[in-house]
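What follows draws every value from the coordinates through simple rules; no lab data is involved. Keep in mind it's a predicted model, so treat the numbers as computed, not measured. Backbone-built Cβ (ideal geometry, glycine too); neighbour counts: all protein chains shown.
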Amino acid sequence: MASKTPTMRDVAELAGVSIQTVSCVVNNTGAISAETRERVWKAIAQLGYRRDPIARSMRTGQTGLIGLLVLNITNPVLSLIASAVEAAALAAGSRVVLYNVGEDLRRQQEYLGASADGLIDGLILVNAIDHEKTLAFLEKENVAAVLIDCLANTRIPSVAVDNVRAAYLATEYAIQKGHRRIAHLAASSTLLIARQRQQGYVQALADYGLSYQKIVISHGEQWNYQAGYEAMQELLHSEPVPTAVFAASDEMAIGAYRALAEAGLSVPADMSVIGFDDIDVAAFVVPALTTIRQPYVEIASQAVSLLFKRIAGELPEATPITLPPELIVRQSVAELP
């Protein structure tokens, strides 16, 4: 005989709460204490209870699904953000549908169309491209949306690390270590975050009265290992050669390592290198990379919280939320006399 499918009533009895409380927890509504929420989720896991998505949709007009549109899921930073968003959404009782753009504008447009047909309740966009048309579409179709690392918009909330401050900290650290010729390996100037990182770099140099300024924008405006490799090759042919570089991403910094090694130069004896992101491999390259750590979990948590408010009909202010960065000091920066 088939076992009985667990019901919401079964969950309520096991957790020692009302059916209404269980409903509030699974639908992420109501003022339920963290202790009660944990008890309910444990009961759900123990019983193997699953909500009926069709019944829920008919009752609430919502699917319980949110979309996550990512520029390129193979990028380690975007993978970290995607994983953190999924965890935050799941903890709040929703599931995530991944839309991987693959840096293909046509594919992004198709996914945006799907976001407006009611299959998902809302959309989080990470590094979306063609910003003006994208944001105009979201507003026209009244899609509940939140941006991560995208161009700020007056009516759509956004969350990101403070990129200007982060780049300033990285550049300042090199200055404090005695470096006076510091270059910046920059990425796609079409993205706001790239321009912000350039801004922080330039501001630090100005504040410390340094006249040397060298910005090398990657060919194809990429952020990956190849981009850093090629940018460093170009930089090594400039005069005078810098003693330190601040790269717009850890991947670019590690690509720069390769170019330096091929030129017979070592890090940090011949060139100091600072990255941005603190991806996992940053701690394992030799020498371990000094970098900027982004608060991925907090970024995701804030974005998911804002999205649920938008879905619920609340309209939080669209003022960008900027979170503080952290400088992670390792072994890739030498101290000069």
- Message: Under 16 Å between alpha carbons, and skipping anything fewer than 8 positions from residue 4 in its own chain: which aspartates and glutamates qualify?
- Response: 13, 52
- Item | Peptides 243-254, 205-216 ordered by average Cβ neighbours within 10 Å, highest first | 243-254, 205-216
- Hey, what do the phi angles of region 280-290 turn into as Karplus ³J(HN,Hα) couplings, whole Hz, using 6.51/-1.76/1.60 and θ = phi - 60°, x for Gly and Pro? 4, 5, 4, 7, 10, 5, 10, x, 4, 7, 6
- Relative to the longest principal axis of the chain, what angle (0 to 90°, nearest 10) does the C-alpha long axis of helix 296-311 take? 40 degrees
- Taking a straight Cα-to-Cα line shorter than 20 Å from residue 133, and setting aside same-chain aspartates and glutamates fewer than 8 residues away, one finds 103, 104, 110, 117, 141, 149
- Query: Residue-wise, which Karplus ³J(HN,Hα) couplings in Hz belong to region 161-173, taking 6.51 cos²θ - 1.76 cosθ + 1.60, θ = phi - 60°, and x for glycine or proline?
  - Reply: 5, 6, 5, 5, 4, 4, 5, 4, 4, 5, 5, 4, 4
- Task: Would you please give the residues with an amide H less than 5 Å from that of residue 321, counting only those at least 5 places away or on a separate chain, with H modeled from the backbone geometry?
- Result: 158, 159, 160
- Spelling it out for residue 292: with amide H atoms placed in the peptide plane at 1.01 Å from N, the residues 5 or more places away or on another chain with amide H under 5 Å from its amide H are 275, 276, 277, 278, 328
- Message: Cut-off under 22 Å on the C-alpha distance; same-chain residues fewer than 8 positions from residue 177 excluded. Which lysines are left, in chain and number order?
- Response: 214
- For region 266-271, just list the computed ³J(HN,Hα) in residue order, Karplus coefficients 6.51, -1.76 and 1.60, θ = phi - 60°, integers in Hz, with x standing in for Gly and Pro. 10, 9, x, 4, 9, 8
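Are there any trypsin sites (Lys or Arg not before Pro) in region 102-161 that are in a DSSP loop and have at most 11 other Cβ atoms within 10 Å? List them by number. Before the final figure, lay out the partial values.
Numbers: sites: 106, 107, 133, 140, 155; in loops: 155.
Within region 102-161, the qualifying trypsin sites (Lys or Arg not before Pro) (loop, at most 11 other Cβ atoms within 10 Å) are 155.
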- Message: As I understand it, the value is the acute angle between the Cα axis of helix 105-115 and the longest principal axis of the Cα atoms of the chain; what does it come to in degrees, rounded to 10?
- Response: 20 degrees
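What share of the DSSP beta bridges in the chain is antiparallel, in percent to the nearest 5?
Numbers: 3 of 36 bridges.
Antiparallel bridges: around 10 percent, rounded to the nearest 5.
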- Given H placed 1.01 Å from N in the peptide plane, which residues other than close sequence neighbours of residue 217 have an amide H under 5 Å from its amide H? 186
- Treat each spin label as a single point 7 Å out from the Cα along the C-beta direction, and report the residue 132 to residue 236 distance in nm. 4.0 nm
- Query: Expressed as an acute angle from 0 to 90° and rounded to the nearest 10, what is the orientation of the C-alpha long axis of helix 250-262 relative to the principal long axis of the chain?
  - Reply: 30 degrees
- Tell me the GluC sites (Glu not before Pro) within region 109-208 that lie in a loop according to DSSP and have at most 14 other beta-carbon atoms within 10 Å. 141
